[in-house]
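Peer 1: My questions will all concern the structure given below.
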2 protein chains.
Amino acid sequence: MVYRAHMTNDELMDLAIKEAVIAKEAGEVPIGAVIEIDGRIIASRHNQREALHDPTAHAEILVLQDAAKLEQNWRLEKATLIVTLEPCPMCAGAIWASRVNKVIWGAPNIEAGSLGTLYNFGVDPRLNHQTEIIGGIKSSECSKLISDFFEVNRQ
Amino acid sequence: MVYRAHMTNDELMDLAIKEAVIAKEAGEVPIGAVIEIDGRIIASRHNQREALHDPTAHAEILVLQDAAKLEQNWRLEKATLIVTLEPCPMCAGAIWASRVNKVIWGAPNIEAGSLGTLYNFGVDPRLNHQTEIIGGIKSSECSKLISDFFEVNRQ
């Protein structure tokens, strides 16, 4: 039997923030994500859109791909995904498509947030899967990482 | 100078349908997609969710990844994406994230369509990119491919 870990939401977010810092050091928009299943962190990724020339290489997509490969199953019904920024439409859609159980996000995504801000795919009763959403964990820290990055790297 | 091809929407959809048939033969939900840039079809993929154990391996995500790799750029501002089924939230989100110029879809997606049915990310003025949407091209043929598949392979 696998016992669930006793990590707090803040401790889980610290792991995602560590990944975001790796992205920053690589010159990528600093967003990080991890996936927990049965109390274990099984995957950990950061945004790599520029390095991979891949519009889908957001932290959430990469970490879902890693987790599904490890599980040998595209259905991640026991997974909690922790991410430093509220997911965009693509990533919130991927969370729905992967049947993720729960999402914990850090900073709100004012421009494209799709688990609370512009849309909330987690609670749309028309979709065939719902996801528990916890938003705003370590929000200031997650948000400052991104705003500091854009102050230095104007896009 | 590259001249734009003179393919009709029906002819473009035939290419996506060919990909969908390849998916069917592999036991995958039969959905296919192609990308046209400057009159050339530069990428062509089908749904491979089961084979790759990847929740994100929808035809649209795979074809966007291929096209961006070929272009060495995640911004696909000159691309037209042709797909046999109206994209789900993840794929419609990926189309937004890739700055795709135009989408031509075949059958409406009653359960999760996000370029017209449940949502329409193509025309949301709050998002920082809009996409021209043409829906319903060869709709019956695209739809029949999928319904025939589910009649044989109950999920």
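The values are calculated or read from the model by the stated rules, or taken from the named source; none is laboratory data. Please read all numbers here as calculations on a predicted model, not as lab measurements. Glycine also receives a Cβ, built like all others from the backbone with ideal geometry; neighbour counts cover every protein chain displayed. What goes into the accessible areas is simple: the full protein's heavy atoms, side chains included, and nothing from ligands, DNA or RNA. Shrake-Rupley method; radii C 1.70, N 1.55, O 1.52, S 1.80 Å.
Peer 1: How much accessible area per residue does the protein assembly as shown have, in Å², with a 1.4 Å probe?
Peer 2: 44
Peer 1: Which three extents, in angstrom, do the Cα atoms of the protein assembly as shown have along their principal axes, listed largest first?
Peer 2: So the extents along the principal axes, rounded to whole Å, are 55, 49, 29.
Peer 1: Would you work out if the stretch A:87-155 is rounded, prolate or oblate? Take a ≥ b ≥ c from the square roots of the eigenvalues of the alpha-carbon gyration tensor; rounded if a/c is under 1.5, else prolate when a/b is larger than b/c, oblate otherwise.
Peer 2: The shape class here is prolate.
Peer 1: Heavy atoms of the protein only, probe of 1.4 Å, neighbouring chains included. What is the accessible area of B:Glu151 in Å², nearest 10?
Peer 2: Surface accessible to solvent at B:Glu151 totals approximately 130 Å².
Peer 1: May I ask you to rank B:Glu50, A:Glu28 by accessible area, largest first, using a 1.4 Å probe over the protein chains only?
Peer 2: B:Glu50, A:Glu28
Peer 1: Distances from A:Gly27 to the same position in the other copies: list them in nm, one decimal, shortest first, using label points 7 Å from Cα along Cα→Cβ.
Peer 2: Sorted ascending, the copy-to-copy spacings read 4.4 nm.
Peer 1: Rolling a 1.4 angstrom probe over the protein chains, ignoring ligands and nucleic acids, what is the accessible area of B:Ile37 in square angstrom, nearest 10?
Peer 2: 10
Peer 1: Let me ask you something else. Does the stretch B:1-144 come out rounded, prolate or oblate by the C-alpha gyration tensor, with a ≥ b ≥ c the root eigenvalues, rounded set by a/c under 1.5 and, if not, prolate when a/b is larger than b/c and oblate if not?
Peer 2: rounded
Peer 1: Which Cα, out of A:Leu76, A:Ile41, A:Ala94, lies furthest along the positive dipole direction of chain A (beta carbon charges, K/R +1, D/E -1)?
Peer 2: About the Cα centre, the residue reaching furthest to the positive side is A:Leu76.
Peer 1: Quick test of the membrane-span-like rule: which DSSP H helices of chain A reach at least 15 Å along their long axis (C-alpha atoms) with mean Kyte hydropathy at least -0.5?
Peer 2: What comes out of the filter, once short or polar helices are dropped, is A:9-25, A:59-71, A:139-152.
Peer 1: Now a separate question. What is the sum of charges, Lys and Arg at +1 and Asp and Glu at -1, for the other residues whose Cβ falls under 9 Å from the Cβ of B:Asn101?
Peer 2: +1
Peer 1: How much accessible surface area, in Å² rounded to 10, belongs to the heavy atoms of B:Ile31 with a 1.4 Å probe?
Peer 2: 30
Peer 1: If you count the DSSP beta bridges with both ends in the protein assembly as shown, what percent of them are antiparallel, to the nearest 5?
Peer 2: Looking only at bridges with both residues in the protein assembly as shown, the antiparallel portion is about 60 percent.
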